[in-house]
Every structure is written in C-alpha cells, then in structure tokens.
Amino acid sequence: MLPFLLLGAVVCCLVLAALKSQLSSLRVDHRSWSDVVAALQPVQFDQVTSVARDFLEPREGQISLEPPDMWLMLGGKEGLRRMRDNAQLMLLLAAHAQRWNFDEGVIVTERIRRDALRLRQAVRRVEVALMFHSVLRRSATLIPFYLHEAASAYYLMRQRLLALYQTSHAGLYPRLVEVL
C-alpha cells in the first residue's frame, strides 16, 4: 500500500509542476527591455560553455568532465535555478526583438522557447533525482546527462539571443553581451 501512496504523491507533484510551468508560460509580461535586462542574474557562462561544448562537440576522449566537476561548474542548485530563471527572461528579450525584426524574431523566439522547455525539464529532472536519489539509485546516475542538457540548452539560448540582437538591434547588443 505504501508504494502506491508514494507513487501517487510523486505523480501528483509532477502534474502540479507541469500545470504551474504551463500557466507561467502563458502569462503575458509587460516589463520594459531595461527591466528585463536588470532582472537577469549572473551565471558563469564560460563554465556553462565548457559543460555544453563537452556535450555538443564530441571529440576523442569524450568523458573529459566528471559529474562533480559539472555540478560545481554550473553552480549547483543555485546555478541551475539562475539558468532556469534567466531562460524565461531571455525568452522575453527575444519577444522584444520581434518588434524590430519580425521574420527572424518569430523563428528565433520559438527556438529559444523550445530550448527553455528543455532547460526547465532538465533542471526539474535534476531536482527530482536529488530528492529521490536514496530511493531510486538509477536517478542519481542520470544527473550528469541532465546537467549536460541544461547547460547545452542555456548555451544555445544565449547564442541565439545574441545573434538575433546583433542583426536586429545593434545598439542594444553591447549591453546585452555585458549582462549575459
């Protein structure tokens, strides 16, 4: 009976998290460009890049980063939270760029939105794996894969956003590079 209750609680938590995520993505945000940029939190992007490239650019000796190193490079729970929060803000910044370059902005914003979903999903999986790692040993072995996915999604989002601003609004580009 206890396993069924535990399973039911986990399923309920996952459904609630999915609903919360969906509702937050539907909310319209009317903040100005400078307010959104000011809300971005610092992330060690050079470290994120190292973890992302380890995953995105395979080369000889593909096991160069150990899981504890990746965890530290990404800033642990706090770093993942910042990346997740910044992902929403980067999506808003891409939506702002649609005003200046609609055709490219729509496509890039959709790509960033999909990257943000991947990032959010990877962070959520890390959180669940950490919560249940003593019960579900397999979940702990998957954490490095989720860290790679989160870092890769964040890396791609940042690169896409900067490229969009470079072609759409070069005047705001230097400020965005400075903050991101």
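The values are calculated or read from the model by the stated rules, or taken from the named source; none is laboratory data. In this text the structure is predicted, and so the values were computed from the model without any measurement. Every residue, glycine among them, receives a Cβ derived from its backbone with ideal geometry; neighbour counts consider all protein chains shown.
Observations on the structure shown:
- The selection criterion, being surrounded by 15 or more Cβ atoms within 10 Å (Cβ to Cβ), under 19 Å from E127 (Cα atoms) and either at pLDDT 90 or above or in contact with a His (Cβ under 7 Å, 6 or more places away or on another chain) (or both), does not hold for L40.
- Any hit, the range 49-65, residues being at pLDDT 80 or above and among the β-branched types (V, I, T): yes
- Filter pass, V123 being farther than 24 Å from R53 by Cα and in a helix (DSSP H, G or I): no
- Residue within the range 101-111 that is surrounded by 18 or more Cβ atoms within 10 Å (Cβ to Cβ), at pLDDT below 90 and farther than 23 Å from C13 by Cβ present: yes
- For the range 68-123, residues that are in contact (Cβ under 8 Å) with a residue 60 or more places away in the chain and of a type in the set (S, T, Y) total 0.
- One residue stands out in the range 60-88 among those that are small (G, A, S) and in a helix (DSSP H, G or I): the one that is farthest from R118 (Cα to Cα), namely G76.
- Looking across the range 165-180, the residues that are over 18 Å from the mean Cα position of the chain (by Cα), assigned to a helix (DSSP H, G or I) and buried (at least 16 other Cβ atoms within 10 Å of the Cβ) come down to Y165, S168, Y173.
- Taking first residues from the range 34-49 that are under 17 Å from Y155 (Cα atoms) and partners that are basic (K, R) and crowded, with 17+ Cβ neighbours inside 10 Å, the Cβ contacts under 7 Å between residues at least 6 apart in sequence or on separate chains come to Q41/R82; V43/R82; F45/R158.
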